[in-house]
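Worksheet for the structure shown next.
The values are calculated or read from the model by the stated rules, or taken from the named source; none is laboratory data. Every value quoted in this text rests on a predicted model; they were computed, and no experiment measured them. Reconstructed Cβ throughout: ideal geometry from the backbone, glycine too, with neighbour counts over all protein chains shown. Note: accessible area is taken over every heavy atom of the protein model, side chains too, but ligands, DNA and RNA are not part of it. Shrake-Rupley method; radii C 1.70, N 1.55, O 1.52, S 1.80 Å.
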Amino acid sequence: MIIKCPYCGPRDVIEFTYQGDATRQRPDPASSDQAAWSAYVYDRANPMGSHREFWLHSGGCRQHLIITRDMATHVISSVGFARDAVASVKGGEHP
Amino acid sequence: MTASRLPKGGRVDRAKTVRFTFDGKAYSGHPGDVLASALLANGITLFGRSFKYHRPRGVFAAGSDEPNALVTVLSGSVREPNVRATELEIYDGLVTASQNRFPSLEHDFMAVNQLAGPIFSAGFYYKTFMGPAIGPLRSTKVWMFFEKFIRRAAGLGKAGVTADPDHYERMNAFCDVLVVGTGPAGLLAAEAAAETGAQVIIAEERPIAGGSLLASVELIDGRNAAVWAREKAAALAALPNVRFLTRTSVWGYYDGNVLTAIEHVSDFKPNRTKGQARQRYWIIRTGKTILATGAFERPIVFPGNDCPGVMLADAVRRYAVEYGVATGNNVTLFTNNDSAYEAARALSQAGVNIVAIVDVRADVSGACIEIASSAGAELVLGHAVTGTHAGKTLSSITVQHFNAQTGHVSGTPREIKTDCLGVSGGWSPAIHLASQAGGKPEWDEDLQAFLPPEPNQNWVTAGSAAGYMDTVSVFSDGATKGSSSKAKPKLPSVDAPMFDASPAAVFQIEPAAKSQKAFVDFQHDVTADDIRLAYREGFHSVEHLKRYTTLGMATDQGKTSNIPGLAIMADARGITIPEAGTTRFRPPFTPVSFGAIAGERYGDLRPHRLTPMHDWHLANSAKTYEAGLWHRPMIYGSHGETVEQAYVREARAVRQSVGIVDVSTLGKIDIQGPDAGIFLDRVYTNMFSTLPVGKARYGLMLREDGIVYDDGTTWRLSETQFLMTTTTANAGNVMQHLEFYLDCIWPDLRVHLTSVTDVWAGTAVSGPKARAVLEACVTGTSVDNTTLPFMGIVYGSIGDVPVMICRLSFSGELAYEVYCGAGFGTQVWEALLEAGKPYDIMPYGLEALGTLRIEKGHVTGAEIDGRTTAHDLHLDWMLSKKKPYIGSAMKDRDGLADENRLSLVGLISLDNQSINGGSHIVSDATPREPADSFGHVTAACYSPALGKYIALALVKHGTSMIGNRAYATDLLRGKHGAVEIVSHHMFDPEGSRMHG
Ligand SMILES: [Zn+2]
């Protein structure tokens, strides 16, 4: 599998470290809602089809990427820096 | 079967002789021969014994689809089993042996298995030897007893047991277009692709290019087809943007258009040049792949079809045309399609005598009739072969009237004398690679074959792999698929009769009367009856059928057996072949040696991490051990001491005077930015934004789930800069953990991280005389209690080396960590030793370091084991209530507050015996199995400060157990002793020494 790192270019998957589901939403840090935290830490969908996930370019630029990948075919439809995607979701604000 | 070399023909170099051996006998052949053609030319027709019944088997195919003619290649003490004789190029000195026979190929004891035929049917081994589910013969013991006999009886070649002395290479390659196969489609596709200026790699599994053209009697642009192919290939290979690989089998298609191939670099040569690889493993990353992999002829299944002399029709043709070998004096062909007539035309031109052509179809075209007549072959239409007569090889066949529509056999059997029967059951596109990178193959009624699936990567199939079966349309398809333009390509002219590519839908001949075994999978000895039995026993799905009968699971991956097997199952179930389904092909397309995949990567592949002072340690009798990738001193052994004597001496010196230890391995992360303090507040359980510049603080990290993750001290070097230290083992993980939160959770924080573990050399100076040692060698700063209080940081020099000194203590003594640039580590280390001479300064290793921390009850990775909470380790005082942090919410889960959890305590041996790490804590005074464990020992040592054997342990209701007697039991190592449970702060609980 080849991942097109937006910084380094196309690189073999051996350079990357899988960092988990990128669709989960971390609860408000001050929240003590155990159900919400439990869902964040443990609950994962296992979709057959498109999925968003974090990958770290550990053997390259060490940036975290968000990759949209088809779980059935492994075809990657988009790659971007996690920082950009997360910042745009949160509007740059930390709760 | 009487095989021999024809007087002329073939591409072997008859002027030269190559000598080799097979089963100890010497034979000769010519350059250009493969083992199969050379042995056939020598009249050898028995190549091996079958897997289960040990039936005699001859060569069946002429390429990578060969199921029978597998041999072991021997060279010195090295043996390579299961090599296909149909692909093995002969060379002077080649030594080969047949397989799966005992004691010899001609006389095989295990052939009695075939007398017991019916009991060796599908699932036989499981049913018979797995044993009953209940009773005295229950379970797998029966199987275990029989297994070694079965394994000896059934099996292919044996692997060697000595190390492989050969050299293998790996190669990464990149291209715009990869063309797999160099038949008529591959050559024109590659040419069209190369003309666009693309970087092209062409891979051909055989030694020469041409594919089907090599055995063709067609004229291409008025010339011999093989000559035309050779010239076209040479022109392509000469182009600067083309890399032409021969003897290279592409065997795997992986995600991202990554394909793997094995190139046979020198294993076909009598001598290798020095350093030359035997095989080369290619990893090819391509923009687009053109799969011009051709098609495989498939057999028709009929009774007695496995005796030597029964072959694929195309194989008979290829031995004649390519190698100048007649596989029989009187050849018969048996077919359901027109391609056998092309074979007949080629055989006739090569001088092979054809007795008859048996065709299941009642009517054939005029072109077919014409070929049969000019070849002098009797045309037996509307008939099928229903039996064979053979001793060791074929002597005659039985044919009967056959209705191709109903599959009904009738009429009186008639015998035809023949010593070689070439069978054609139609052609299946070689969709193996396409299937690895695509969806479900699609059934084509016309071809009675599966066509390539929808691709899920950037590939196309071309030529017969795409279902085009005549050379004209194969050329056209190849040129079109290789080109990016819509213009009609100019194609070579082909002079050949036109045939119909569509076969009759006949896959098996099943006479009503009891008949001979009809084999589907030759390599695994799976018969048509086995498939029907599997159906009757409920194994209907193709995947179940495969596993129950082992159909298609041998080294040939069912290249010849797949479709016939599927057809028989579909017939049994009364459904169509596509309804019965097909199995997905997986890598490898052809067997791959482990050596080639490993390449140069064998032995110890881990990097070794050495501290800047490593050489000093070795020169001063350190015994080191590996801590992760690091090599660290365990003790500085000398004077014939035991390990315990050495660490006790070292630890005692620290408590009594002063010692130094190399702590360069600690993980170090430089954290900079305006938000660095806020970041650390979120990462650590305690507060760091309030830490004054020039001070350090002990910090604790939790995981998101509330479990303790790591600990260490972090130093504030300026308003916007911190130096974090982590445990040695967790350094990389913590870095990744921090990067994740900065990138993915808090991208708004203005913080930058840099790993500086290898930038700094670190030395800890510990003991009552530590300050005196520093005072003797540090310049540029005072180190007194006011300038350098507990957890303070100062900058100075030792000699002319700038140092950063932080006063902190792991040992519980007055102690300092002295950091300098890594290149000056040994210089500073030696200066500290020199300054400590008046105090008998003692270097100490990890054992003494561990002893000192156990005495103090400080935790390390043994206690931070991924299961313990801050509360379990009595670190609640570090949990801030003023702010949220990673793990702050989930640390309060019910399960983590359970009062039955294990918590940290100390243990003191009551019988003055050492305590084993890992011992269980029990209440029984005498060993008992199973023991009711209520805790375990995490670390143990002899404490010179206490004069006792002590340990740290995680124990249920730990704190309330203090003062109780228990027993540490280690049943594995036979150790059981009484201990007292005490506070984990076993030495200097007030901490007065380190504050002194
Ligand atoms: Zn990168």
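Summary of values
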| read-out | value |
| --- | --- |
| Top-ranked residue in the range A:9-19 [being near the ligand (Cβ under 9 Å from one of its atoms) and open to solvent by 40 Å² or more (accessible area, probe 1.4 Å); ranked as farthest from the other protein chains (Cβ to nearest Cβ)] | A:GLU15 |
| In the range B:548-574, the residues that are assigned to a loop (DSSP other than H, G, I, E, B) and closer than 17 Å to B:ALA528 by Cα | B:THR550, B:LEU551, B:GLY552, B:MET553, B:ALA554, B:GLY558, B:LYS559, B:THR560, B:SER561, B:GLY574 |
| Residues that are within 9 Å of chain B (Cβ to nearest Cβ) and surrounded by 15 or more Cβ atoms within 10 Å (Cβ to Cβ), drawn from the range A:20-29 | A:ALA22, A:ARG26, A:PRO27, A:PRO29 |
| Conditions (1) open to solvent by 30 Å² or more (accessible area, probe 1.4 Å); (2) under 26 Å from B:GLY732 (Cβ atoms); (3) within 8 Å of another protein chain (Cβ to nearest Cβ); number of the one not met by A:LEU56 | (1) |
| Hits in the range B:405-422 - residues which are over 14 Å from B:VAL355 (Cα atoms) and within 46 Å of the chain's Cα centre (by Cα) | B:GLY407 |
| Residue that is surrounded by the most Cβ atoms within 10 Å (Cβ to Cβ) [pool: residues in the range B:305-351 that are polar (S, T, N, Q) and not in a helix (DSSP H, G or I)] | B:THR327 |
| Of the criteria (1) within 14 Å of chain A (Cβ to nearest Cβ); (2) within 33 Å of the chain's Cα centre (by Cα); (3) under 19 Å from B:LEU666 (Cα atoms), which one B:THR728 fails | (1) |
| Residue tally, condition closer than 19 Å to B:LYS288 by Cα and away from chain A (no Cβ under 14 Å), over the range B:241-272 | 10 |
| Filter pass, B:SER689 being under 25 Å from B:ASN730 (Cα atoms), touching a Ser or Thr at 6+ places or on another chain (Cβ under 7 Å) and among the hydroxyl-bearing types (Ser, Thr, Tyr) | no |
| Residue check for B:THR260: among the polar types (S, T, N, Q), buried (at least 24 other Cβ atoms within 10 Å of the Cβ) and assigned to a strand (DSSP E or B) | no |
| Sole exception among (1) open to solvent by 60 Å² or more (accessible area, probe 1.4 Å); (2) within 16 Å of the ligand (Cβ to nearest atom); (3) more than 7 Å from every other protein chain (Cβ to nearest Cβ) for A:MET48, by number | (2) |
| Unique residue being open to solvent by 40 Å² or more (accessible area, probe 1.4 Å), at pLDDT 95 or above, away from the ligand (no atom under 14 Å from the Cβ) and closer than 30 Å to B:ALA897 by Cα when the list is A:SER32, A:SER38 | A:SER38 |
| Selection from the range B:691-722 of residues that are over 16 Å from B:ILE671 (Cα atoms) and free of Cβ contacts under 8 Å to residues at least 40 places away in the same chain | none |
| Members of the range A:59-78 that are within 16 Å of the ligand (Cβ to nearest atom) and either open to solvent by 50 Å² or more (accessible area, probe 1.4 Å) or at pLDDT below 95 (or both) | A:GLY59, A:ARG62, A:GLN63, A:ILE76, A:SER78 |
